[in-house]
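Notes follow once the structure below has been shown.
The values are calculated or read from the model by the stated rules, or taken from the named source; none is laboratory data. Since we're looking at a predicted model, the values are computed, not measured. Don't worry about glycine lacking a Cβ; one is built from the backbone with ideal geometry, like all the others, and counts go over all protein chains shown.
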Amino acid sequence: MYFSQWLLARIRKTLFGDASWDWVRAYRDMIIDEKPLALLITLGLGLIWFMVASLVTVLGFYEGDSREVPSVAIWIHAVIPIVIFFYNWIMALYEIFDAERMATWNTLKEE
């Protein structure tokens, strides 16, 4: 488990460098501290995402004969903001857990 986390972090650091995305950190902090505001922001941006992505999907499949593909794609577009919110919520909780775990480890190591 820890090796896979280390490996993914190394790949991310190799591809993107040491740059951190401050807006992701701010969003995760907002999820923990101000959940209603985070839900409103996710809902608003998710609605914009849904409208733009669905419009592109419908226009892209407008000339095709299949009517089922656009409806499935639109449902996927609707689920993506929900998945992003829950993923960032779980990662924010993991960061809290990891900080507490490391603090406990450092305390036990000092004794």
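Can you list residue pairs whose Cβ atoms sit under 9 Å apart, with the first residue in the range 90-111 being more than 18 Å from Tyr27 (Cβ to Cβ) and the second being at pLDDT below 90 and outside any helix (DSSP H, G or I)? Count only pairs 6 or more apart in sequence or on different chains.
No pair meets every condition.
Limited to the range 34-75, what total is found for residues that are β-branched (Val, Ile, Thr), over 20 Å from Trp89 (Cβ atoms) and at pLDDT 85 or above? Full working, then the answer.
Within the range 34-75, the subset β-branched (Val, Ile, Thr) is 41-42, 48, 52, 56-58, 69, 72, 74.
Still in the running and over 20 Å from Trp89 (Cβ atoms): 48, 52, 56-58, 69, 72, 74.
Next, from what is left, pick out any that are at pLDDT 85 or above: 48, 52.
Qualifying residue count, the range 34-75: 2.
Restricting to the range 1-40, and then to whatever is in contact (Cβ under 8 Å) with a residue 12 or more places away in the chain and either β-branched (Val, Ile, Thr) or in contact with a His (Cβ under 8 Å, 6 or more places away or on another chain) (or both), can you tell me which residue is farthest from Pro81 (Cα to Cα)?
Among those that are in contact (Cβ under 8 Å) with a residue 12 or more places away in the chain and either β-branched (Val, Ile, Thr) or in contact with a His (Cβ under 8 Å, 6 or more places away or on another chain) (or both), it is Ile32.
Out of contact with any Cys (no Cβ under 6 Å at 6 or more places or on another chain) and surrounded by fewer than 11 Cβ atoms within 10 Å (Cβ to Cβ): is that true of Asn88 in this structure?
Working: out of contact with any Cys (no Cβ under 6 Å at 6 or more places or on another chain): yes; surrounded by fewer than 11 Cβ atoms within 10 Å (Cβ to Cβ): no.
Criteria not met by Asn88.
Please give the number of the condition Thr107 fails out of (1) at pLDDT below 85; (2) part of a helix (DSSP H, G or I); (3) among the polar types (S, T, N, Q).
The failed condition is (1).
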